[in-house]
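Novice: My structure is below; once you've seen it, I'll send some questions.
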Amino acid sequence: MTAPRQPPLAETVSPEARAALAPVLNSGPMPRLPSLVMRAAADQGQRAIVKRRGQKGVKEVQGRMAGVPVRIFTRDGVTLESAPWLLLNAHGGGFEVDSGSRSENIPLAARLQAAVVAVRYRLAPKHPWPAAVDDVLAVYREALKTRSPGR
């Protein structure tokens, strides 16, 4: 099975990024990798990014909200309960790969006076649409029990 054709790049993509992406985008259809291979590669990439960038004074705690696994990222001295803001992140990965839950959220937690919650939603193809969205909504509804939507 081959992957679908790549859509055109957005007009906002810089000339430098276009040049860097051109070899991949112009190479023609590529075979679709199995989900487990994509997940392993994404996990390895996440570990490398965190190792290179560091934790930046951010701690990570595994937890559950509404029965859904989450990762909670906070700066030193901040907890989920004490943070004035909660940022709920349905990280990148196309609902099939957990590709952004660390590389996206550590910098956010480092810069914000917020607790950042990465939803570890169920992944396709084992859990098809709308399982991932249902998980994100469940975590959001759980967060609303202790915080106003504006916080």
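Novice: Note down the net charge around Trp129, summing +1 for each Lys or Arg and -1 for each Asp or Glu among other residues with Cβ under 13 Å from its Cβ. Working shown, then result.
Specialist: On the way: positive: Arg122, Lys126; negative: Glu96, Asp134, Asp135.
Counting the neighbours of Trp129, the net charge comes to -1.
Novice: Count the net charge of all other residues whose Cβ sits under 12 Å from the Cβ of Val37, scoring Lys and Arg as +1 and Asp and Glu as -1. It would help to have the intermediate numbers written out before the result.
Specialist: Details: positive: Arg32, Arg39; negative: Asp43, Glu96.
Net charge around Val37: 0.
Novice: Another one. Given the peptides 51-60, 133-142, 16-25, arrange them by the average over their residues of other C-beta atoms within 10 Å, most packed first.
Specialist: Values: 51-60: 13.4, 133-142: 17.1, 16-25: 10.4.
Those peptides, ordered most packed to least, come out 133-142, 51-60, 16-25.
Novice: What list of ³J(HN,Hα) values in whole Hz, one per residue of segment 126-138 in order, does the Karplus curve 6.51 cos²θ - 1.76 cosθ + 1.60 (θ = phi - 60°) give from phi, with Gly and Pro shown as x?
Specialist: 4, 10, x, 3, x, 3, 5, 5, 4, 5, 4, 5, 4
Novice: On a 0 to 90° scale, report how tilted helix 15-25 is relative to the longest principal axis of the chain, with both axes built from alpha carbons and the result rounded to the nearest 10.
Specialist: 60 degrees
Novice: Would you mind counting up the charge near Leu86? Only other residues with Cβ under 14 Å from its Cβ, with Lys and Arg at +1 and Asp and Glu at -1.
Specialist: Details: positive: Arg71, Arg75, Arg141, Lys145, Arg147, Arg151; negative: Glu81, Glu142.
Neighbourhood net charge equals +4.
Novice: Now for a separate question. List the residues whose amide H sits under 5 Å from the amide H of Ala114, counting only those 5 or more places along or on another chain, with H placed 1.01 Å from N in the peptide plane.
Specialist: Arg75
Novice: Okay, next question. Under the definition of Cα pairs under 8 Å and six or more residues apart, what whole-number percent is the relative contact order of segment 20-151? Intermediate results must be reported in sequence, preceding the final value.
Specialist: Working: 182 pairs, mean separation 33.5, N = 132.
RCO, segment 20-151: 25 percent.
Novice: Sticking with this structure for a sec: Full extension from Arg151 to Val133: what is 0.36 nm times the residue separation minus their Cα-Cα distance, to one decimal in nm? Before the final figure, lay out each step's value.
Specialist: Values: separation 18, 0.36 × 18 = 6.48 nm, distance 2.11 nm.
Fully extending the segment from Arg151 to Val133 adds 4.4 nm.
Bear in mind these aren't lab numbers, they're just calculated from the coordinates by the rules spelled out. Computed from a predicted model, the values in this text were never measured in an experiment. Backbone-built Cβ (ideal geometry, glycine too); neighbour counts: all protein chains shown.
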